[in-house]
Amino acid sequence: MSWELLLSLLALCALLALVVQLLRFLRADGDLTLLWAEWQGRRPEWELTDMVVWVTGASSGIGEELAYQLSKLGVSLVLSARRVQELERVKRRCLENSNLKGKDILVLPLDLTDISSHEAATKVVLQEFGKIDILVNNGGKSQRSLCVETNLNVYKELIDLNYVGTVSLTKCVLPHMIERKQGKIVTVNSLLGIIAAPLSSGYCASKHALRGFFNGLRTELTSYPGIVVSNVCPGPVQSNIVKNALTTEVTKTLGSDGDQSHKMATSRCVRLMLISMANDLKEVWIAEQPFLLMVYLWQYMPTWAWWITNKLGKKRIENFKKGLDADSSYFKPWKTKHD
């Protein structure tokens, strides 16, 4: 075989590999490291059994689904949120769909904005189970309002709840993990903790702050390799987060979540979260296209990302003012074309 033919075959193989990867990326619903871990990495069924997992925001959405999937892995669960009745409902369903017993699930009401209660809550968990293997910081609220129309108290509420409350609870649990020299701190952030979008300036600020804090915390824990700090950044997911989003006043929520069929199923999002936890990934992006593409652009080609965001942002505001889901313009054409 001549060298020219060999080089031509190698070039063809490289081109085919590139095309295959591009096609895979177009169908991807997570960053490439995460999807590699799903294919070749450790399974949650192997790694997360017999652990004590504390989940905040466990009364609905991602937190609720996380409780269901974790219960099937045989973990001991601590379920926290403000709505006790909803937590009890989640507990009952966990018991119905798993081999757990009542003693394996602790319902622990918690208000993240009441930071004075976090130390006592942590002690209750340790008294009940003796350890905390995984803390999942999932509690929080979103926002749907224009900055110029939004009361400053909304921004304070978002920072107090999403950022300060999460930091406070983490600081209460961290000494226990340092003493044991092991543990996982998993924070459900958002793609809006990396990128930015109109109508969510306060939410973006709180999520950017979380990402900065936990990235900084990770650098402080290099002497404790057994403690893993993970940022999980989902895109739009089917949940009540939009319905419960704050608007122009703290006392006003959106009250309607619109059509969510174009968003990622909560069960798929949580499965990818569990894979990231099992493989100790430091940061993961979970989103369907075109949002996944947008976060890659923001990370590696920010000038292009700003240009596209400004174009799409106008449509997002138009949708919101018409009473539509703000993200529907991105997803419906894509779904129609690729499903």
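The values are calculated or read from the model by the stated rules, or taken from the named source; none is laboratory data. The structure displayed is predicted, hence computed values, not measured ones. Positions of Cβ are generated from backbone atoms using ideal geometry, with glycine treated the same way; all protein chains shown enter the neighbour counts. With ligands, DNA and RNA removed, areas are computed over all heavy atoms of the protein, side chains included. Shrake-Rupley method; radii C 1.70, N 1.55, O 1.52, S 1.80 Å.
Once volume of the Cα convex hull per residue in Å³ is calculated for the structure shown, the corresponding label among (1) 123; (2) 170; (3) 257 turns out to be (2).
Per residue, the chain exposes 48 Å² of accessible surface when a 1.4 Å probe is rolled over the protein heavy atoms with every protein chain present.
Computed from the Kirkwood radius of its Cα pairs, the Stokes-Einstein diffusion coefficient for the stretch 1-126 at 4 °C and 1.567 mPa s stands at 72 µm²/s. Computed from the C-beta positions of Lys123 and Leu95 and an R0 of 35 Å, the FRET efficiency is 0.90 to the nearest 0.05.
Express as a percent, rounded to the nearest 5, the fraction of DSSP beta bridges in the chain (both residues included) that run antiparallel.
Details: 2 of 29 bridges.
Antiparallel bridges: around 5 percent, rounded to the nearest 5.
Past 26 Å, Cα to Cα: identify those pairs from Lys156/Lys311; Lys101/Lys141; Lys101/Lys181; Lys252/Lys282; Lys263/Lys314; Lys103/Lys207, in the order given. Intermediate results must be reported in sequence, preceding the final value.
On the way: Lys156/Lys311 29 Å; Lys101/Lys141 31 Å; Lys101/Lys181 29 Å; Lys252/Lys282 35 Å; Lys263/Lys314 20 Å; Lys103/Lys207 34 Å.
Where the Cα-Cα span goes over 26 Å, the pairs concerned are Lys156/Lys311; Lys101/Lys141; Lys101/Lys181; Lys252/Lys282; Lys103/Lys207.
One quarter of the convex hull surface built on the alpha carbon atoms of the stretch 144-183 amounts to 3.5 nm², the projected area averaged over directions.
Whenever you get a sec, compute what percent of the accessible area on the chain sits on carbon and sulfur atoms (1.4 Å probe).
Numbers: 9420 of 16430 Å².
Percent of accessible area from carbon and sulfur atoms in the chain: 57.
When the chain is treated as a GNM with alpha-carbon contacts under 10 Å, the residue of His208, His176, His118 showing the greatest mean-square fluctuation is His176.
Let me have the 222 nm mean residue ellipticity of the chain computed from DSSP H runs of 4+ only, each contributing -39500 (n - 2.57), with the sum over all residues rounded to the nearest 500. Can you show the working numbers first?
Values: 13 runs with 170 residues, N = 339.
When only DSSP H runs of four or more count, the value is -16000 deg cm²/dmol.
Highest mobility in the GNM of the chain, judged by mean-square fluctuation with C-alpha springs under 10 Å and restricted to Ser261, Ser60, Ser76, is found for Ser261. GNM on the chain, alpha-carbon springs under 10 angstrom: the most fluctuating residue among Pro234, Pro198, Pro175 is Pro175.
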